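Nothing in this text is a laboratory measurement; each read-out follows from the coordinates by a stated rule. Given the structure is predicted, the values throughout are model-derived calculations rather than measurements. No Cβ is skipped: glycine too gets one built from the backbone with ideal geometry, and neighbour counts run over all protein chains shown.
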Amino acid sequence: MSFAQSFLQETAAVAASIDPVTVEAFAQALAEVRDQGGRLFIVGVGGSAANASHAACDFRKATGFEAYAPTDNVSEVTASTNDEGWNQVFTTYLRVSRFCESDALLVLSVGGGDAERNVSTNLIAALDHGRDVGAKLFAIVGRDGGYAATVAHHCILVPTVEPAHVTAHAEAFQAVLWHLLVSHPALQKEKARWEVLAAGA
């Protein structure tokens with residue numbers, strides 16, 4: 001079997017292993033936050049930061065959610081890192097944004113944060129701040145879900161099918177899952193451009 005065949009089979013196995021009931025509950029809970037006027041803050045580091053940016057765009061355009069990705073503003077991120085430290089970069093952003101109990105935090109992460117190993121501790125700090133203010137906490141994470149899985153109200157776990165590709169599949173399925181969510185009837189308000197064009201053809 002070629003590497004491409006193997007990787008695609010792993011991808012299919014990951015998709016088949018994600019619990020659709022969990023995803024449905026996730027979508028409904030996000031819709032409730034949006035419909036009650038809450039905002040959505042999406043955080044991630046590394047590749048997950050890039051995913052957070054894209055996801056924030058899609059939630060805004062497709063679902064009418066007031067959504068933000070703190071890492072979109074590199075000046076603010078680097079200033080906060082310089083002044084308060086990388087560990088507090090998301091918490092600082094949330095405080096300035098008056099993040100509160102009506103809002104939601106969505107964490108995108110391969111491992112979900114691990115304080116003992118000093119991995120993604122800024123995500124842990126953001127989740128703790130979310131708990132402190134009573135916000136709704138959401139996570140799309142891989143591996144065992146890490147800290148995010150233990151504190152999030154709603155968590156979608158991307159299962160590990162092949163440990164050698166855990167990062168690749170976790171970050172890829174963040175994209176699959178947020179696209180599922182913004183396409184979900186409970187959330188979607190606007191169809192994407194190509195779908196609109198196809199419908200009018």
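Residues that are assigned to a helix (DSSP H, G or I) and free of Cβ contacts under 8 Å to residues at least 12 places away in the same chain within the stretch 176-201 comprise Arg193, Trp194, Glu195, Val196, Leu197, Ala198, Ala199, Gly200, listed in sequence order.
The number of residues in the stretch 90-144 that are of a type in the set (D, E, K, R) and touching a Leu at 6+ places or on another chain (Cβ under 9 Å) comes to 5. Please state which of the following conditions Phe173 fails to meet, knowing it meets all the rest: (1) surrounded by fewer than 16 Cβ atoms within 10 Å (Cβ to Cβ); (2) touching a residue at least 12 places away in the same chain (Cβ under 8 Å). Among (1) surrounded by fewer than 16 Cβ atoms within 10 Å (Cβ to Cβ); (2) touching a residue at least 12 places away in the same chain (Cβ under 8 Å), Phe173 violates only (1). Within the stretch 129-161, count every residue that is touching a helix residue (DSSP H, G or I) at 6+ places or on another chain (Cβ under 8 Å), more than 21 Å from Ala13 (Cβ to Cβ) and charged (D, E, K, R). The number of residues fulfilling the criteria is 2. Residue count for the stretch 151-167, restricted to those that are part of a helix (DSSP H, G or I) and either free of Cβ contacts under 8 Å to residues at least 24 places away in the same chain or within 14 Å of the chain's Cα centre (by Cα) (or both): 2. Scanning the stretch 63-83 for residues that are more than 16 Å from the chain's Cα centre (by Cα) and more than 15 Å from Leu123 (Cα to Cα) yields Gly64, Asn73, Val74, Ser75, Glu76, Thr78, Ala79, Asn82, Asp83. Please specify each residue of the stretch 107-124 satisfying the condition of being surrounded by fewer than 17 Cβ atoms within 10 Å (Cβ to Cβ), over 11 Å from Tyr147 (Cα atoms) and of a type outside the set (S, T, N, Q). Within the stretch 107-124, Arg117 is the sole residue that qualifies. Being in contact with a Pro (Cβ under 7 Å, 6 or more places away or on another chain) and closer than 21 Å to Asp132 by Cβ: is that true of Tyr68 here? Criteria not met by Tyr68.
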